[in-house]
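Input: a single structure, listed below in structure tokens.
The values are calculated or read from the model by the stated rules, or taken from the named source; none is laboratory data. Not measured: the values here are computed from a predicted model. Neighbour counts run over all protein chains shown; Cβ positions are idealised from the backbone, glycine included. Ligands, DNA and RNA are excluded from the accessible area calculation, which covers all protein heavy atoms including side chains. Shrake-Rupley method; radii C 1.70, N 1.55, O 1.52, S 1.80 Å.
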Amino acid sequence: MTAGISTPPGTTAEHELAALQREHGRPLFALLLRLCDGDRQRAEDLLQETFVRAWQHPEALRAHEFDSVRPWLLTVGRRLAIDARRARQARPAEVGDGVPEGARVVADHAERSAATLDVREAVKTLTPEHREVLVQVYFRGASVAEAARTLGIPPGTVKSRAYYALRALRRVLPGYAADLR
């Protein structure tokens, strides 16, 4: 849209606004995209806001001293981008639904308690030999060699009993199978 299009004062026809967008939308979007560090969504929002301002101020678009309205649109868009950047810097960073990388994830206390009871009951179903090995290796954190010394059995026997004990637990606790690998 250029100066000289006549419409009744104080109104902007939809076709004039569409023409304005066709003529100046691409260069304005390119500027906003640079100002938004490549964030297309933010640039599109600012582009839309710039054209809303143009719709709200048709008198600025029809000023006779302008050969083109592009400088006015670029100035408005630039100021909107600067204001948006300042507003983002003034408030705390937004947090999404995801868990921040490196954050500790702690299960709900009730879920943890229920899981503990399930595992205790399942361990009671094991033979005493298998239970002894699991207690040493998994609950007390002993190495295979340390468990072998404590239980008075060879390290290979500790490994095989631990394997068969976990296999039995997987059958008894099917919902926990992924945790028992």
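Some notes on this structure:
- Label-to-label distance, residue 140 versus residue 55, with points set 7 angstrom from Cα along the beta-carbon direction: 7.5 nm.
- Each of residue 41 and residue 120 was given a label point 7 Å from its Cα along the Cα-to-Cβ line. The distance between the two points is 4.6 nm.
- Computed extension length for residue 48-residue 34: 3.4 nm, one decimal, from 0.36 nm per residue of separation with the Cα-Cα distance subtracted.
- Residue 163 paired with residue 75, simple spin-label distance in nm, labels 7 Å along Cα-to-beta-carbon: 8.0
- Accessible surface of segment 125-179, 1.4 Å probe, proportion on carbon and sulfur as whole %: 55
- Amide H within-cut-off set for residue 69, under 5 Å, with H built and near neighbours excluded: 3
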